[in-house]
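*Asks:* This structure is in structure tokens; I'll ask about it shortly.
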Amino acid sequence: MSDLFEQAAQQTVISVAELNRLARVAVERGVPLVWVAGEISNFKRYDSGHCYFTLKDEAAQVDAVMFRHKAQYLDWQPQNGMQVEVRATATVYEARGKFQLAVDAMRRAGLGALYAAFEKLKAKLEQEGLFDPALKRELPAFPRTVGVVTSPQAAALRDVITALRRRMPGINIIIYPTPVQGEGAGAKIAEAIALAGERAECDVLIVCRGGGSIEDLWAYNEEVVARAIRACPVPVVSGVGHETDFTIADFAADVRAPTPTAAAELVSPDGVQLRRDVALSGQQLVRVFQRGIEDRMQRLDFLSRRLTHPGERIRNQQVHLHHLATRLRGAWLRVADECSWQLRDTAQRLRGSAPDAGALQLQQQELERRLQGAMRNRMTAAVERVHGARSHLLHLSPERVLDRGYSITETADGAIVRDSALLAPEQVLKVTLARGWAGVRVKNTG
């Protein structure tokens, strides 16, 4: 920049544009970024979003411009006659050679002290641990009663009641009336919060009011309100102002809501969604029970197919036995037929060789008779062997031995006595006879 001034000093004549450029550079270098207080006049916001106005006091005035990318962050509407403080850079509009302020930020006059007090109290309470996240309590999922600390005439109360009635009509609402702005409002708000805590008649407490300027919301920036919120035994939701408004009460509360309506939505479950969830769960439960019943019905059918009545089993065995008998008869008939066929074949061959037909016929008849007799003898022998084996088994049966007058002697623990040397005098024994048994006591042994 020094080169620019040196070049201008060396020139005999400079243009107006060069002069205005030198003036802008000199002003911007000489005047730092400052806060300037004054009254707004001739305020106009163009369609482009840029704001032009005059800032004046009793002795002077200066033009000012606030461009759109800065003005868009204002959450209030500047108007003529307002006392404001602007953070601005002094400059010169070269095209017209007009001295003006390029505004970077704007606030209502007096807010600087309020912001300083806000930051000081916030830092103090934060250092004490009043805003510690570990102290924050969870909100009840299904509160029965909701307390509201606000003014009965506030629009915020109507918003809270409307939201609660819309989401969960069965919730009881208790209002703890208090002024929300003005002299002594902070102390009144703290008293209402303390009263709600003492009466312990609600499950969660909403501290709320509608939007406004920082002065309107200042009661919620007082230390007494923050300490009352933290001392309250009931979880507290702060819903003060709009989404861009932050108060000390927001930091002290267990949960901060951007608006009173949002606070009501935070503390109340959505009845429509709950009914939808319950209906869905009911449908799922019905499907689960239905599937369980169907599975059990299917298992019952499967088991019933496996379960056979004793009479049915006997009938099946009888059918099977009849089938085996039929097969046996068929086998014997096939054997007899084969033998007959062989005999007939042999007879035919014999007849073909012209033997003694009469002798061969007699021989054939004799062989047939002998064959049948052998078959009968073999069957008789098999039957006799079976009867003999049965008689032998019956002969060896212990019961038959007992029928012949023998007995079985056992000790008390069931051991069979085979040696008298193992017995002791007065020992109790059990004697099993062919019919019945008797308990005996040993007198002597030999």
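*Asks:* So for the stretch 246-263 (the condition being modelled with pLDDT under 85 and either surrounded by fewer than 10 Cβ atoms within 10 Å (Cβ to Cβ) or farther than 20 Å from C202 by Cβ (or both)), does at least one residue qualify?
*Replies:* Looking only at the stretch 246-263, we keep the residues that are modelled with pLDDT under 85, and these are 246.
With the extra rule that they be either surrounded by fewer than 10 Cβ atoms within 10 Å (Cβ to Cβ) or farther than 20 Å from C202 by Cβ (or both), the set shrinks to 246.
Within the stretch 246-263, one or more residues are modelled with pLDDT under 85 and either surrounded by fewer than 10 Cβ atoms within 10 Å (Cβ to Cβ) or farther than 20 Å from C202 by Cβ (or both).
*Asks:* Do you know which residues across the stretch 61-99 are of a type in the set (S, T, Y) and surrounded by fewer than 16 Cβ atoms within 10 Å (Cβ to Cβ)? Lay out the reasoning, then the answer.
*Replies:* Of all residues in the stretch 61-99, those of a type in the set (S, T, Y) come to 73, 89, 91, 93.
If the condition is that a residue be of a type in the set (S, T, Y) and surrounded by fewer than 16 Cβ atoms within 10 Å (Cβ to Cβ), then Y73, T89, Y93 are the ones that fit.
*Asks:* If you go through the stretch 175-187 one residue at a time, how many are surrounded by 19 or more Cβ atoms within 10 Å (Cβ to Cβ) and within 14 Å of A226 (Cα to Cα)? If you could, list the steps in order and put the result at the bottom.
*Replies:* Narrowing the stretch 175-187 to residues surrounded by 19 or more Cβ atoms within 10 Å (Cβ to Cβ): 176, 178-180, 185-186.
From the residues that got through so far, the ones that are within 14 Å of A226 (Cα to Cα) too are 185-186.
Of the residues in the stretch 175-187, 2 are surrounded by 19 or more Cβ atoms within 10 Å (Cβ to Cβ) and within 14 Å of A226 (Cα to Cα).
*Asks:* Hey, among the residues in the stretch 40-58 that are hydroxyl-bearing (S, T, Y) and in contact (Cβ under 8 Å) with a residue 12 or more places away in the chain, which one's surrounded by the fewest Cβ atoms within 10 Å (Cβ to Cβ)? So that I can check it myself, show each step before the final result.
*Replies:* Initially, the stretch 40-58 is screened for residues hydroxyl-bearing (S, T, Y), giving 41, 46, 48, 52, 54.
Narrowing further to those that are in contact (Cβ under 8 Å) with a residue 12 or more places away in the chain: 41, 48, 52, 54.
Details: S41: 13, S48: 8, Y52: 14, T54: 17.
So, considering only residues that are hydroxyl-bearing (S, T, Y) and in contact (Cβ under 8 Å) with a residue 12 or more places away in the chain, the one surrounded by the fewest Cβ atoms within 10 Å (Cβ to Cβ) is S48.
*Asks:* List every residue pair whose Cβ atoms lie under 7 Å apart, where the two residues are 6 or more positions apart in sequence or sit on different chains, the first residue falls within the stretch 228-241 and is within 12 Å of A192 (Cα to Cα), and the second residue, located anywhere, is β-branched (V, I, T) and outside any strand (DSSP E or B).
*Replies:* Going by the 7 Å Cβ cut-off, the qualifying pairs are A228/I193; I229/I193; C232/I193.
*Asks:* Provide a single number: the residues in the stretch 234-252 that are closer than 15 Å to L121 by Cβ and small (G, A, S). Write out each step before concluding.
*Replies:* From the stretch 234-252, those closer than 15 Å to L121 by Cβ are 246-252; that's our starting set.
From what is left, the residues that are small (G, A, S) are 249, 252.
Residues that pass the stated criteria total 2.
*Asks:* Moving on. Considering only residues of the stretch 17-38 that are part of a loop (DSSP other than H, G, I, E, B) and at pLDDT 85 or above, which is surrounded by the fewest Cβ atoms within 10 Å (Cβ to Cβ)?
*Replies:* We begin by selecting, within the stretch 17-38, every residue part of a loop (DSSP other than H, G, I, E, B); these are 31-33.
Checking the rest, the ones that are also at pLDDT 85 or above come to 32-33.
Working: P32: 8, L33: 11.
Of everything passing the filter in the stretch 17-38, P32 is surrounded by the fewest Cβ atoms within 10 Å (Cβ to Cβ).
*Asks:* A follow-up question, please. Which members of the stretch 255-278 meet the condition of being assigned to a loop (DSSP other than H, G, I, E, B) and touching a strand residue (DSSP E or B) at 6+ places or on another chain (Cβ under 8 Å)? Steps first, answer last, please.
*Replies:* Let us first name the residues in the stretch 255-278 that are assigned to a loop (DSSP other than H, G, I, E, B), namely 257-259, 268-270.
Hits for the stretch 255-278 are A257, P258, T259, S268.
This table checks each residue for (1) touching a residue at least 60 places away in the same chain (Cβ under 8 Å); (2) on the phi < 0 side of the Ramachandran plot; (3) of a type outside the set (A, V, I, L, M).
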{"residue": "A60", "(1), (2), (3)": "no, yes, no"}
{"residue": "Q100", "(1), (2), (3)": "no, yes, yes"}
{"residue": "P133", "(1), (2), (3)": "no, yes, yes"}
{"residue": "R137", "(1), (2), (3)": "yes, yes, yes"}
{"residue": "S151", "(1), (2), (3)": "no, yes, yes"}
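*Asks:* Considering only the stretch 207-228, state which residues are of a type in the set (A, V, I, L, M) and under 17 Å from S151 (Cα atoms). First the steps, then the outcome.
*Replies:* So the first thing to find is which residues in the stretch 207-228 are of a type in the set (A, V, I, L, M), and the list is 207, 214, 217, 219, 224-226, 228.
Correct list: V207, L217, A219, V225.
*Asks:* Just the residues that are charged (D, E, K, R) and over 60 Å from the mean Cα position of the chain (by Cα), please, taken from the stretch 45-63. Don't jump to the end; show me each part of the working.
*Replies:* We begin by selecting, within the stretch 45-63, every residue charged (D, E, K, R); these are 45, 47, 56-58, 63.
Correct list: K56, D57, E58, D63.
*Asks:* Further question on the same structure: Answer yes or no as to whether T326 is at pLDDT below 85, surrounded by 10 or more Cβ atoms within 10 Å (Cβ to Cβ) and of a type in the set (V, I, T).
*Replies:* Values: at pLDDT below 85: no; surrounded by 10 or more Cβ atoms within 10 Å (Cβ to Cβ): yes; of a type in the set (V, I, T): yes.
So T326 does not fit the description; no.
The values are calculated or read from the model by the stated rules, or taken from the named source; none is laboratory data. Computed from a predicted model, the values in this text were never measured in an experiment. Here Cβ is always computed from backbone atoms with ideal geometry, including for glycine, and neighbour counts include all displayed protein chains.
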